[in-house]
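What follows is calculated from the coordinates using simple rules that are stated; it is not laboratory data. For clarity, every value in this text was computed on a predicted model and none was experimentally measured. Every residue, glycine among them, receives a Cβ derived from its backbone with ideal geometry; neighbour counts consider all protein chains shown.
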Amino acid sequence: MDCTRVYMLASDHRWQWEEWCDKQGIARARVSEVKRLVYEGFVRAWSQSADVRAHGALLLDATYAADSVARARAAKIPVGTPVEKAGVFPLEWDNEPFHRGLEGNSFVKALVRYRPEWARGPKSGQMTKLLELQQWCRQADIPLLVEVIIMQEPGDDQEFEATGRPAMLADLICESYAAGLVPEIWKVEAATSSEGAAAIDRAILERPGPRQLILGKGANTEKILHWFAAAAPLPSTAGFAIGRSVFWEPGTEFLKGRCAADEATAMIASGYLGLVAEWKLREHPAAPA
């Protein structure tokens with residue numbers, strides 16, 4: 001996978017779907033049906049857009065989307081899977097050994113949660129695991145994507161979104177580089193201000209290779225476009241990795257029986273292609289070497 005430009009449809013969500021299904025009285029096994037819709041929506045976009053064929057990628061989990069992962073690999077579509085146990089801090093592997101099933105991936109994704117005031121022990125344990133994963137990825141010649149969630153605490157305000165979270169993220173990236181963790185891609189929460197976005201950009205560019213993808217957090221289009229405006233022109237930004245904002249509504253409507261599979265697939269393809277088009281209006285014109 002070319003990490004200098006990436007338009008990723010991210011659908012590795014597990015605990016979010018499990019919670020929703022339990023509340024709705026819908027069998028968790030049906031989550032696999034939504035994952036197939038996401039895959040089919042991506043394939044539809046792939047067939048319609050040269051940009052998606054050049055830079056599109058899928059993030060899917062093996063728990064509910066193993067068949068779609070296999071289909072993507074067979075079709076030569078860039079696809080990756082997560083290694084973390086969903087919804088857990090500190091980082092725990094979803095499989096033992098952690099690399100089981102990763103062969104054939106176009107990339108590998110690991111999510112970690114972080115606050116600077118949290119105890120050093122758990123944070124150090126996460127870093128040890130990430131360095132172990134990085135070593136395996138380099139030996140296997142598979143790019144590593146590290147997703148960082150800076151947890152919001154009571155008392156955090158709008159300033160936290162604009163500059164506080166970006167400053168914490170920038171510090172974590174610098175600490176990671178010092179520890180030897182240099183992933184090909186950082187998947188990060190976007191800043192709501194140009195100042196915050198610039199701080200993240202400077203930190204990432206402390207090493208010549210890594211790039212960043214903007215995640216979506218299930219946000220509406222207005223908020224996503226605001227994030228795009230701040231991050232897309234920056235030289236470290238490769239693209240986005242967005243999922244729920246695209247597939248959640250058609251997926252839940254399908255599971256409730258209010259939307260046919262083909263209609264849901266079309267909505268997913270349209271939403272994803274819309275984000276690609278909006279990103280291209282704002283992206284940095286040339287990726288760094």
TODO: At 7 Å along the Cα-to-beta-carbon direction for both residue 198 and residue 70, put a label point, then send me their distance in nm to one decimal.
DONE: 5.1 nm
- [ ] Return the long-range amide H neighbours of residue 79 (sequence gap of 5 or more, or a different chain), with a cut-off of under 5 Å between placed amide H atoms.
- [x] 58, 106, 107
Task: Computed over segment 131-205, Kirkwood Rh from alpha-carbon pairs, angstrom - done: 13.2 Å
Task: segment 26-125: chymotrypsin sites (Phe, Trp or Tyr not before Pro) in DSSP loop, at most 15 other beta carbons within 10 Å - done: 118
Task: Residue-by-residue Karplus 3J(HN,Hα) for segment 102-114, coefficients 6.51, -1.76, 1.60, Hz, glycine and proline x - done: 7, 4, x, 5, 7, 6, 10, 10, 10, 9, 10, 9, 7
Open item on the list: In 10 Å bins starting at zero, report the fraction of Cα pairs in segment 6-282 per bin as a rounded %.
Closed with: 7, 30, 37, 23, 4, 0
- [ ] For residue 222 and residue 85, calculate 0.36 nm times their separation in residues minus their Cα-Cα distance, and state this gained length in nm to one decimal.
- [x] 46.2 nm
Open item on the list: Helix check for the chain. Which DSSP H runs span at least 27 Å along their own axis by Cα, with a mean Kyte-Doolittle hydropathy no less than 0.0?
Closed with: 261-282
- [ ] Tell me the GluC sites (Glu not before Pro) within segment 56-145 that lie in a loop according to DSSP and have at most 12 other beta-carbon atoms within 10 Å.
- [x] 103, 117
TODO: Enumerate by residue number the trypsin sites (Lys or Arg not before Pro) in segment 34-105 meeting two conditions: DSSP loop (anything except H, G, I, E, B), and at most 10 other Cβ atoms within 10 Å of the site's Cβ.
DONE: 76
- [ ] Pull up the DSSP beta bridges for the chain and report the antiparallel fraction as a percent, rounded to 5.
- [x] 5 percent
Open item on the list: Expected output is a single nm value to one decimal: the length gained when fully extending between residue 119 and residue 249, i.e. 0.36 nm times separation in residues minus the C-alpha distance. What is it?
Closed with: 43.0 nm
- [ ] For an R0 of 41 angstrom, estimate the FRET efficiency from the Cβ-Cβ distance between residue 153 and residue 132 and round to the nearest 0.05.
- [x] 0.90
Open item on the list: Please report Rg (one decimal) and Dmax (integer) in Å for the Cα set of segment 39-157.
Closed with: 16.3, 49
Open item on the list: Assuming a strict under-22 Å limit between Cα atoms, what lysine pair count do you get for segment 6-282 once near-sequence pairs (fewer than 8 apart, same chain) are dropped?
Closed with: 27
